[in-house]
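Each remark here refers to the structure printed beneath this line.
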Amino acid sequence: MSYDNFKLFKVRIERGVAFVTIDNPPMNLLNMQMIMEFATLAQTIQNDDNVRVIVFNSADPDFFIAHFDVSGLVVMPDEAAPKKSSLENTVHMINETYRTMPKVSIAKVEGIVRGGGFEFIQSFDMIFGELGKAVFAQPEIGVGIIPGGGGTIRIPRSVGRRRAMEVVLGGHDFPAEIAELYGLINRALTPDKLTLYVENLAYRIASHPAESLAIAKKSVLAGVELPIVDALLEEQYLFGQAVALPSSKARMNMFLNAEGQSREMEANQNTLLEEQEVNPFAMLEEKEK
Amino acid sequence: MSYDNFKLFKVRIERGVAFVTIDNPPMNLLNMQMIMEFATLAQTIQNDDNVRVIVFNSADPDFFIAHFDVSGLVVMPDEAAPKKSSLENTVHMINETYRTMPKVSIAKVEGIVRGGGFEFIQSFDMIFGELGKAVFAQPEIGVGIIPGGGGTIRIPRSVGRRRAMEVVLGGHDFPAEIAELYGLINRALTPDKLTLYVENLAYRIASHPAESLAIAKKSVLAGVELPIVDALLEEQYLFGQAVALPSSKARMNMFLNAEGQSREMEANQNTLLEEQEVNPFAMLEEKEK
Amino acid sequence: MSYDNFKLFKVRIERGVAFVTIDNPPMNLLNMQMIMEFATLAQTIQNDDNVRVIVFNSADPDFFIAHFDVSGLVVMPDEAAPKKSSLENTVHMINETYRTMPKVSIAKVEGIVRGGGFEFIQSFDMIFGELGKAVFAQPEIGVGIIPGGGGTIRIPRSVGRRRAMEVVLGGHDFPAEIAELYGLINRALTPDKLTLYVENLAYRIASHPAESLAIAKKSVLAGVELPIVDALLEEQYLFGQAVALPSSKARMNMFLNAEGQSREMEANQNTLLEEQEVNPFAMLEEKEK
């Protein structure tokens, strides 16, 4: 796979993780070119067996993504389109691709992310923000419009109706610590811990079998969207799929043979906030290839 | 519009915000008269183009609303009514009116709010509480009944099943900081910050176009209630509506012409915790009239 | 009722609360025997009018429940079962029993709980954890499988999609304070406060009428699972049931006669973090018998 043709970001692959650094000066304004590159990237990564996790950050220390280019919105039709029965909006389609694809996406936000940029990463599997530096907002209402890339839908699903109303109707800025309190992001961490945690987490996830990750993600998506019993039936089915994988049997046997299921071993705790040892299954995976 | 006929609260309108101060000594007990006044207020405000936001507080420093008058409950029928197919309960109907109406409602809670009073504000768009002073509870179970104004429904939707069970089955008091941690309220703030933030937020929201606010609120409500793709389709449709408004086009052009979309301007952050300058769009809106 | 035949836990009944202490050395590994005892316990307690609340803790200071015995998983079929239309998985069935039964369940977690053990208590009505000691994780992905006892379904419903993805795809440990921040548990408390709060809460809940508790729990379950108007209709119906109970009328009258509905009495606050007086309704209940 080649990741050299992107104009607005750089890609570096390491141990199953694609590190994508957005770089569109002067402030990473989101425009159709960037959206098309995000679409191409998703497609490329879905076809790349060497990548299981994508981590996005920004080359600009102050801006992750400013927001969608307003000059692209001001020229939109003066007459609203009727209600559609399928998602025709390109932004919606690409955001949904990231939410549902069998690869894991993580945003590492060290600066300002607003509007369409914030909506893009809301479709990711995880968002981490730098304490004291990252800022999140949906400022659309200030110019009379509303978030159009899923913000009015994904925010209430994460933080509840009343906090979503505050974000969407206020349109003001939420620093990382409030974003963490509200659940707009997973966690706010100091700069050193942020890098350590995100890298440890990304490499750890990438050490898990690709098929297992795809099954696990699918089950969590069922968990948020289906009625409780339907969701449990889906998990029951997917659990059966995961446990039947030869790679799972190999890992479970390796775990048992290495006395993993012992009080001594199980007493070890790992919150991913310290340097990690090499995953013991990495060796196994080499053999499987 | 006249706001002089209410017996149980005072209303003051300023810059698009209706400040409603509940005043029903000795402890703002919720009764049918107060509920009827809340209904009349909702109707009046929905017809008043000068009001976009309602902020409720209390004249009593210790009680926001005590709870629903138990002497009105003890006389209810000894035989339960069969299950109905529509909301016949007056309290449910009025609470749903506040949740769904195209005006924005904010509760500023500086004292105790329990039972039906807490349920009333759960239907609002936002709740802010005074740190160290505001207290929230659903004490109904203590006298053998359950919250009947939406509490058993709205609380789990905001804070999840297990925290809702604690609130509803325990019936005890939750101070502002725990209410914030759980997501029962938006935020707990010290007295000075509470007033500053709520006023800044209310005036800011009221500076946004009325039609845009109605569309944004509708989209967030879809976001909490519809399946994901249906919800995104609704947002797609409503986004088209908002972007087609002449007032939105005017604001977007004004934003672009004023170099709003520049790194320098976008680097400014506003968390609404300091004195605000006059909104630049206020002038524009005067012209639109 | 006899609670003497359980091999893997001890049961002590006091004032309507069953205190269940799990004791399966060397680390409370979850296996089919323990699951069967959980099933028997649920059945016994559902038939025991003297028990309204169950509090689980562990005899092992370091482990609440380690996780499900991997040696029981490694022997599962190499071919996955097709999708079923009913819950056939024993673990799912028992967890659902705890979630839906008309008794209240509380987990008091003072050590490590992972995998199937964590999933078991996710089905409870409340989870409290010891600050600095309790640890929560779904480590299944590490051996290629996924949580199969409801974890992929219940976690996103409590903490949202992105935090659930972090827990399920990372598989690492979450200490009590992060579990509280995320909403994986109700609250993290220091050891002394944990015991005080859980006991106060359990005894308080057990002082409420059994029928009222069953109705309240049913209404909250409707609140998480049904569309908003259907849920409010269910609450409207259940509220009518609760208010019509003779025991509710008796409590409301006792409350009114004792001047409970007075500013002085209502100003008292109770966050259950201090020693409790005997519940005034306990006497009433004795008379009702």
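Is at least one residue of the range A:226-235 surrounded by 19 or more Cβ atoms within 10 Å (Cβ to Cβ), in contact (Cβ under 8 Å) with a residue 12 or more places away in the chain and over 21 Å from A:Val53 (Cα atoms)? Scanning the range A:226-235, I find at least one residue that is surrounded by 19 or more Cβ atoms within 10 Å (Cβ to Cβ), in contact (Cβ under 8 Å) with a residue 12 or more places away in the chain and over 21 Å from A:Val53 (Cα atoms), so the answer is yes. Candidates A:Phe239, A:Phe281: the one that is at pLDDT 95 or above and either within 19 Å of C:Val75 (Cα to Cα) or not assigned by TED's automatic domain parsing to the domain that holds A:Met101 (or both) is A:Phe239. Against the conditions (1) closer than 30 Å to A:Ala250 by Cβ; (2) part of a helix (DSSP H, G or I); (3) facing another protein chain (nearest Cβ under 8 Å), C:Arg204 satisfies every one except (1). A:Leu213 meets all of the listed conditions (1) within 20 Å of B:Ile228 (Cβ to Cβ); (2) within 7 Å of chain C (Cβ to nearest Cβ) but one, namely (1). Got at least one residue in the range A:225-240 being outside any helix (DSSP H, G or I), polar (S, T, N, Q) and within 10 Å of chain C (Cβ to nearest Cβ)? No; the residues of the range A:225-240 include none that is outside any helix (DSSP H, G or I), polar (S, T, N, Q) and within 10 Å of chain C (Cβ to nearest Cβ). Among the residues of the range A:159-174, those that are of a type outside the set (A, V, I, L, M) and touching a Phe, Trp or Tyr at 6+ places or on another chain (Cβ under 8 Å) comprise A:Arg162, A:Arg163, A:Asp173, A:Phe174.
Of all residues in the range B:172-199, those satisfying the criterion of being in a helix (DSSP H, G or I), of a type in the set (Asp, Glu) and over 15 Å from the mean Cα position of the chain (by Cα) are B:Glu177, B:Glu180, B:Asp192. For first residues located in the range C:73-86 and more than 7 Å from chain A (Cβ to nearest Cβ), partners that are of a type in the set (D, E, K, R) and not in a loop (DSSP other than H, G, I, E, B) and lie 6+ apart or on another chain with Cβ distances below 8 Å do not occur.
Counting only residues that are under 30 Å from A:Asn50 (Cβ atoms) and out of contact with any helix residue (DSSP H, G or I) (no Cβ under 8 Å at 6 or more places or on another chain), the range A:60-92 holds 2 of them. Scan the range A:179-201 for residues that are in contact with an Asp or Glu (Cβ under 9 Å, 6 or more places away or on another chain) and buried (at least 19 other Cβ atoms within 10 Å of the Cβ) and the total you get is 9.
Restricting to the range B:249-265, count the residues that are charged (D, E, K, R) and in contact (Cβ under 8 Å) with a residue 12 or more places away in the chain.
1
Summed over the range C:73-97, residues that are surrounded by fewer than 12 Cβ atoms within 10 Å (Cβ to Cβ) and modelled with pLDDT of 95 or more total 0. Of all residues assigned to the range A:171-181, none qualifies as being more than 7 Å from every other protein chain (Cβ to nearest Cβ), among the acidic types (Asp, Glu) and within 12 Å of A:Glu110 (Cα to Cα).
The values are calculated or read from the model by the stated rules, or taken from the named source; none is laboratory data. Being a predicted model, the structure only gives us computed values, none of them experimental. Cβ sites come from the backbone with ideal geometry, for glycine too, and all protein chains shown count toward neighbours.
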